[in-house]
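Only the coordinates and a few stated rules stand behind these numbers; no lab work does. Note that the coordinates shown come from a computational prediction; the quantities given were computed from them, not determined experimentally. All Cβ positions, glycine included, derive from the backbone under ideal geometry; neighbour counts span all protein chains shown.
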Amino acid sequence: MIPFATEFAVKDFERAEFVGLALAWLKGSDYCTLFDEDAITDLSSEVANIKSLKGEEIKFHELKDKNATDAIGFRYEKHDDQGRIWRTEFVVTQGNLVQGDAILRTRTQCLAKLANVELEPPKKPFILKSIIQDGLTVDDGYFSILDKPHRLIDNDFSIEIIKETLLGNGSNFLPVVYITMHGDGSFSLSEKQIERLAF
């Protein structure tokens, strides 16, 4: 098993919005078979799901307490012809948090169904980029959650951010990669390498 996992604070999600984001993500995939005519849809049960005849499946589950949603999530699985299962899990948990209305946790894995299967590292699910670009995140410590690098300017507030980041207090959930500039204004990494670190 080779996982990718992350978590960060997001705005509160309504059930319909959460389901809409998940389905839009899957509809954007050229390889998704969940929307084929022969797919089986059961949205009336407690665990709503859609399953294709090729074994691809998404299940939604919601936990409620006193008529309020405590958590909502989905598990998406796609089987490939090499004996692997590609699994993506998303959970949004409501509650009293350090920051924000909710916490989004995601994990993507490449799992073996058979022995001697070659596993590959999973890619980050594109739904993360959609959530970030649609402005559905909240600030994480000193930083807004973006899919591009933050650039600090030369002022007292930036020095405070650098100090707190180096002390481990710059963010609550996501790691911060701090890259200093050389005296001539250049960096040890290329612009493309720096951008790839951001997402």
Item to check | Relative contact order for region 1-69, counting Cα pairs under 8 Å that sit 6 or more residues apart, in percent | outcome: 18
Checklist entry - For the chain, treating each Cα as an identical point scatterer without solvent, what Debye log10 I(q)/I(0) comes out at q = 0.08 1/Å? => result -0.35
Checklist entry - Pairs LYS64/LYS148; LYS78/LYS124; LYS59/LYS129: which exceed 25 Å Cα-Cα? => result LYS64/LYS148
Next on the checklist: How far apart, in nanometres, would the label points at ILE2 and GLU120 be if each is projected 7 angstrom from Cα along the Cα-to-Cβ direction?
Outcome noted: 0.9
Next on the checklist: Sort 163-169, 40-46, 2-8, 179-185 by packing, meaning the average of other beta carbons within 10 Å per residue, with the highest value first.
Outcome noted: 2-8, 163-169, 40-46, 179-185
Item to check | Overall form of region 114-175 per C-alpha gyration tensor (a/c, 1.5; a/b vs b/c) | outcome: prolate
Checklist entry - Based on the Cβ-Cβ distance from LYS192 to LEU167, what FRET efficiency comes out when R0 is 30 Å, to the nearest 0.05? => result 0.50
Checklist entry - Could you give the length gained on full extension between ASP36 and GLN82, defined as 0.36 nm per residue of separation minus the Cα-Cα distance, in nm? => result 14.3 nm
Next on the checklist: Below 14 angstrom from the Cβ of LEU34, what's the summed charge of the other residues (Lys, Arg +1; Asp, Glu -1)?
Outcome noted: -2
Checklist entry - With the radius of gyration and the Kirkwood radius both derived from the Cα set of region 156-198, what is their ratio Rg to Rh? => result 1.01
Next on the checklist: Multiplying the sequence separation of ASP184 and ASP139 by 0.36 nm and subtracting their Cα-Cα distance, what value in nm do you get?
Outcome noted: 13.0 nm
Next on the checklist: As I understand it, the dipole of region 156-198 uses +1 on the Cβ of Lys and Arg and -1 on the Cβ of Asp and Glu, about the Cα centre. Which of ILE161, THR180, GLN193 lies farthest toward its positive end?
Outcome noted: GLN193
Checklist outcome for this item: Relative to the chain, whose Cα atoms define the longest principal axis, helix 15-27 and its Cα axis are tilted in degrees, nearest 10, by 80
